[in-house]
Amino acid sequence: MAQHPGHDISRWRDMIVESGIGLGGEIVEIHSRMSALSAREFEVLRLVATGMTNYSIGMELGISERTAREHIARIMLKLRVSSRVEIAVIATKWELYELARRGQSSDSDESSHGERNGARP
């Protein structure tokens, strides 16, 4: 049975470092901080990263501007950042990490699937 990709953080960290997305320790730290976010905070983080205002985030999610602002304040505390730009930087690094991880996982799945069927890569 294949191990879930998220369980082998060191392998992904090494791959990310080699690709130039971030430093190994930085990726582990971002992973830890992002894991602390609630599902709603993660939604808000993605919208902040696109440059949306508090008002626009509120309209998009059906919450008040004040609630959006409070979510952003909690995100800043959990990510240990002091600006929306820093939120966007971490969100971008996280997305790149996730894309690389999923791409690597797909490659592994395809090669193991091909081996089982006797197909060549």
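The values are calculated or read from the model by the stated rules, or taken from the named source; none is laboratory data. Bear in mind that the values here come from a model prediction, so they are computed numbers and not experimental data. Here the Cβ is made from the backbone with ideal geometry for all residues, glycine too, and neighbour counts use every protein chain on show. Remember, those area values only see protein heavy atoms, side chains included, never the ligands or the DNA or RNA. Shrake-Rupley method; radii C 1.70, N 1.55, O 1.52, S 1.80 Å.
Brief remarks on what is shown
- Across the stretch 26-88, Cα-Cα pairs more than 17 Å apart make up 32 percent of the total.
- Accessible area, probe 1.4 Å, largest first, for residues ILE90, ILE57: ILE90, ILE57
- Net charge of the neighbourhood of LYS78, taken over other residues with C-beta under 9 Å away and scored Lys/Arg +1, Asp/Glu -1, is +2.
- Environment charge at ALA36 (Cβ cut-off 11 Å; Lys +1, Arg +1, Asp -1, Glu -1): +3
- Simple label model, 7 Å out from Cα along Cβ direction - SER38 to GLU98, nm: 1.9 nm
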